[in-house]
Each structure stands twice: as C-alpha cells, then as structure tokens.
Amino acid sequence: MKSAVFYGKHDLRVEEHPMPEVGPHDVLIQVEACGVCGTDVHIYEGDKGAAEVTPPTILGHEFSGVIREVGSEVKKYKAGDRVCIDPNCYCGACDPCRNGVAHFCENMMGYGTTVNGGFAEYCAVDERQVYLLGENTTFEQGAMAEPVACCLHGIDMCEIQPGQQVVIIGGGMIGLLMLQLAKLAGAAKVALLEPVENKREVGRKLGADVCIDPVKEDVKERLAENGMDWVNVVIECVGRPSTIEQAIEIAGNKAVVMMFGLTKPDEEIAVKPFQVFQKELVLKASYINPYTQKRALDLINSGRLDVSSMVYEVCSLDKLEEILSRPEVRAKGKYVISPKM
Ligand SMILES: [Zn+2]
Ligand SMILES: [Zn+2]
C-alpha cells in the first residue's frame, strides 16, 4: 500500500509499505481523509517531547475511512462502516488511568505517533478507538473529530459562562474551532485576532463579533470600541511567546488565559507576575482529548459546528512533505490528505 513513512528529522518518504496486520480486536480501515496537524510538523522537525515517535513510522492521527475487514473478536463494527478514530489509546492499568486522568497514561499508544497511522491507504485500529460517522458527515469532516475533541477539552477547562467575553488569538483551524465552541458555550461576544485578511473573513462568517488585525490595529482600543472592556477568557491558538504574552496583556480581571497553541518544547515566555497578581489571572493549558471524542463527533454530526470552511486543500500523499516543511504553505489553512488520490 502507498504510505508516507517518517524516517527521522526532515526525512519523509512516500513508498510502498506492507499491508497492516489485522489483530483479533482490530478493524482494517481504508483511509479516506487524514488531517495534517501541528503535531506532525513538530515530529517532522525532530522537536523533542512533542510525541514519542520511534521511526520508521507512518504518521497521521486525524483520520476517517471505511472498514474493509474486521478481526475475529470484533462485534461492534462490520465491513462497509464509515468511521473515524480517537488515536490515543490508554492502558487502563497505570495510576493516571485508574484515577480518571487517562490522558496522562504512562503506557500511551497513539496511532500516527507511537504506531502506524493514517497517512497511508490502510490502517488497522483497535475497535475501542473507532466511532461511526453520522449519515451526513463527510470523511473530511470525520477526520476533524480528533482536533475538535482536543478543542473541547480546552474549552471545558476555560469554564466559559453564558454572557462572557472571549478573545481568540489566531485564526487557523484551531482558532476557528475555538471561536465556534466559545459561542456554543454561551459567550456573548467573541473577538478574533488574526493578521491574515481571508482568515478574518472566515472568522466573520463563523460568527466572530469583532475581527482585529493585531499587526495593523490597536487591539485594546478595538476591543473597547466594541464593548469588550472586560475580557473573561483569552484562548491563545498560535503557540508563540509574543502571542501568549499578548493574551496575558489583554485578559481582564479574574480572566482565564488558555495557552492552547503548542510552542516548541524549549520556548520561554516573559511573564510579569505582578500582572498576574493584579488581575488574579488563571493561566491554563490543555493536553490532548480525554473523554471528548464522542461529543466532538456528535457536534460535527449535528451540523452545529462548521469544520469545513477552514480546510484549504485536500491533496495526495505526495504533497505531504511540502506541507510539513514549508510554513508559508501551511499558513494558507488546514490540509487534508486523501491517500487514494
Ligand atoms: Zn492533531
Ligand atoms: Zn495507563
């Protein structure tokens, strides 16, 4: 089968790979759509600590497809089912797993990180990780369930109360999901900070009350003009020190600052503790997608969450390395790989 195999830093090869073995509890999925994620970029760049990857590995953890074969013990699914997956498998036996925080599992296995994933024509996945797509949900939409699940965990931790004011920094895929989830959580006003005009345009379409160009405009002034003089929650979706510092700056009294964007492992930020003290800020971060995959897919199936407007291009495996290696290509929006192409 055609696969994109990661061999090490800056070394990704599209090549023939043996078909995966289907264990008794596995289903064989013919991959229809697999999203390219920031985590894939970190892995490609060889950043330490982003994910435990032992090359050679087929990356790709945001995917959907059709079941072509089921293992002897599989009861819940059958060939022909349209599905997506939660890539993160927990052991169930370690201390975190037995204390309700399974996402800190000490023996975590991840499709597309620790074991082969979805940047290939086929992937064998344990049935416990599989979710049926709704009738009207497309494969591209289904592939977004994992990033949506990660965003849901983050939004839950923001504890948005109906009527609050929320600022989203960064209008990429994640920022545009967070924008919609903040509205669904009850925010009265949501502002989007994003320097690229067409991303601000998508933000407007998805319900942002104010879209601000943080490079050309005075952010605090624009927020105040629009009645956003007490920002309760700031969600940083870029992962740069300067934007995290900006999030702390914009946050109002008692605000939650969610550092959602993934920084490089060694990155540091300059924080004035006095500012945190003066405003009683709560600084938070959110790690992967514990227990949120079903809600994510239900939201997508319901049609209440737009996961399509931010997809820039669906392309073949041959384009993957260009996407992973060139920030200016990625800046255009979310890419989805269709291994059949
Ligand atoms: Zn991802
Ligand atoms: Zn565990």
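The values are calculated or read from the model by the stated rules, or taken from the named source; none is laboratory data. Note that the coordinates shown come from a computational prediction; the quantities given were computed from them, not determined experimentally. Every residue, glycine among them, receives a Cβ derived from its backbone with ideal geometry; neighbour counts consider all protein chains shown. For accessibility, only protein heavy atoms count, side chains too; no ligands or nucleic acids. Shrake-Rupley method; radii C 1.70, N 1.55, O 1.52, S 1.80 Å.
FRET efficiency for the H25 to D218 pair, using the beta carbon distance and R₀ = 51 Å, is estimated at 0.35.
First check a/c for region 70-140, with a ≥ b ≥ c the square roots of the eigenvalues of its C-alpha gyration tensor; if it is under 1.5, answer rounded, and if not, answer prolate when a/b is larger than b/c or oblate otherwise. Verdict is prolate for region 70-140. Accessible surface of the chain, 1.4 Å probe: 50 percent of it comes from carbon and sulfur atoms. Summing -39500 (n - 2.57) over the DSSP H runs of n ≥ 4 in the chain and dividing by its residue number, what mean residue ellipticity at 222 nm do you reach, to the nearest 500 deg cm²/dmol? -7500 deg cm²/dmol, from helical runs alone.
Solvent-accessible surface (1.4 Å probe) assigned to K319 amounts to roughly 50 Å².
Between E268 and E15, the simple label model (points 7 Å from Cα in the Cβ direction) yields a spacing of 4.1 nm. Counting 0.36 nm for each residue step from M157 to S325 and taking away their Cα separation leaves a gain of 57.3 nm. As a length-normalised measure over Cα pairs under 8 Å and 6 or more apart, the relative contact order of the chain settles at 19 percent.
Exposure check, 1.4 Å probe, all protein chains in place: T137 carries approximately 0 Å² of accessible surface.
Ranked by the mean number of other Cβ atoms within 10 Å of their residues, highest first, the peptides 12-25, 119-132, 327-340 come out as 119-132, 327-340, 12-25. The magnitude of the dipole of the chain, with charges of +1 and -1 set on the Cβ of Lys/Arg and Asp/Glu and taken from the Cα centre, is near 640 debye.
Send over a whole-number figure in Å² for the accessible area per residue of region 31-161, probe 1.4 Å.
On a per-residue basis, 41 Å².
I269 contributes about 70 Å² of solvent-accessible surface, heavy atoms of the protein only, 1.4 Å probe.
Treating r as the C-beta distance of K294 and M1 and R0 as 30 Å, the FRET efficiency rounds to 0.55. A viscosity of 0.692 mPa s and a temperature of 37 °C, combined with the Kirkwood radius over C-alpha pairs in the Stokes-Einstein formula, give region 191-341 a diffusion coefficient of 185 µm²/s.
Reducing region 1-58 and region 187-220 to their Cα centroids gives an inter-centroid distance of 35 Å. The value obtained for the chain, namely the Cα convex hull volume divided by the number of residues, is 133 Å³ per residue. Taking amide H positions as modeled 1.01 Å from N, with prolines and chain starts lacking one, no residue 5 or more places away or on another chain lies under 5 Å from D11.
Averaged per residue, what accessible area in Å² does region 274-317 show with a 1.4 Å probe, protein chains only?
Spelled out: the 1.4 Å probe surface of region 274-317, per residue, equals 53 Å².
Give, as a single signed number, the net charge of other residues whose beta carbon lies under 10 Å from the beta carbon of Q129, with Lys and Arg counted +1 and Asp and Glu -1. That works out to -3.
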